[in-house]
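Notes follow the structure.
The values are calculated or read from the model by the stated rules, or taken from the named source; none is laboratory data. Every value quoted in this text rests on a predicted model; they were computed, and no experiment measured them. With ideal geometry, Cβ positions are generated from the backbone for all residues, glycine too; neighbour counts draw on all protein chains shown. SASA here: full protein model, heavy atoms, side chains in, ligands and nucleic acids out. Shrake-Rupley method; radii C 1.70, N 1.55, O 1.52, S 1.80 Å.
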Amino acid sequence: MDTRRFRVQLVELRDRLIGRKDRVGRHLDRRDEPLAASPDQRSIDLENRDVLEELDATARFELQQVEHALARIETGEYGRCEGCRRPIQTARLELVPFATRCAHCERTAEAG
């Protein structure tokens, strides 16, 4: 399998995720600032913090997946299912370039 285009796609995705994580992190750094005096605004501030924390967790998780996929390219394992060891369908990798399992193994894992 020619992994060059997937590597480019994954590196671009990694860069976007790092940027997102950094932007969210700057907002989260303001968590220590006092909450607004208004109960309505305080409620909004707390909801915003929850959303930012979820965005941060999601970006970190996705970044780990992308880094894992890039490492698999380096070891020659990219495109091979971690479950059954068969090739992952190219169409699946085009949709989810950091996929580590074929569609069948993914469905089995989700059902499990």
Since L52 meets every condition but one in (1) open to solvent by 80 Å² or more (accessible area, probe 1.4 Å); (2) assigned to a helix (DSSP H, G or I); (3) not β-branched (V, I, T), which condition does it not meet? (1)
Residue match in the range 89-99 (condition: under 16 Å from the mean Cα position of the chain (by Cα), closer than 27 Å to D22 by Cβ, open to solvent by less than 30 Å² (accessible area, probe 1.4 Å) and modelled with pLDDT under 95): no
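So, in the range 15-46, how many residues would count as being acidic (D, E) and closer than 24 Å to E67 by Cα?
Step one: filter the range 15-46 for residues acidic (D, E), giving 15, 22, 29, 32-33, 40, 45.
From the residues that got through so far, the ones that are closer than 24 Å to E67 by Cα too are 15, 22.
Total satisfying the criteria: 2.
Let's see how each residue does on (1) free of Cβ contacts under 8 Å to residues at least 12 places away in the same chain; (2) touching a Leu at 6+ places or on another chain (Cβ under 7 Å); (3) not β-branched (V, I, T):
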site	(1), (2), (3)
A69	no, yes, yes
G76	yes, no, yes
R85	yes, no, yes
I88	no, no, no
C105	no, no, yes
A111	yes, no, yes
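Identify the residue in the range 1-41 that is in a loop (DSSP other than H, G, I, E, B) and in contact (Cβ under 8 Å) with a residue 40 or more places away in the chain and, among all such residues, is surrounded by the most Cβ atoms within 10 Å (Cβ to Cβ).
In the first step, residues of the range 1-41 are kept if they are in a loop (DSSP other than H, G, I, E, B); the result is 1-3, 33-38.
Retained after the next criterion (residues that are in contact (Cβ under 8 Å) with a residue 40 or more places away in the chain): 1, 3.
Working: M1: 13, T3: 19.
That would be T3.
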Quick check: anything in the range 8-17 touching a Gly at 6+ places or on another chain (Cβ under 8 Å) and at pLDDT 95 or above? no
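Quick check, is E47 modelled with pLDDT under 95 and open to solvent by 90 Å² or more (accessible area, probe 1.4 Å)? Can you show your working first?
On the way: modelled with pLDDT under 95: yes; open to solvent by 90 Å² or more (accessible area, probe 1.4 Å): yes.
For E47, the condition - modelled with pLDDT under 95 and open to solvent by 90 Å² or more (accessible area, probe 1.4 Å) - is met.
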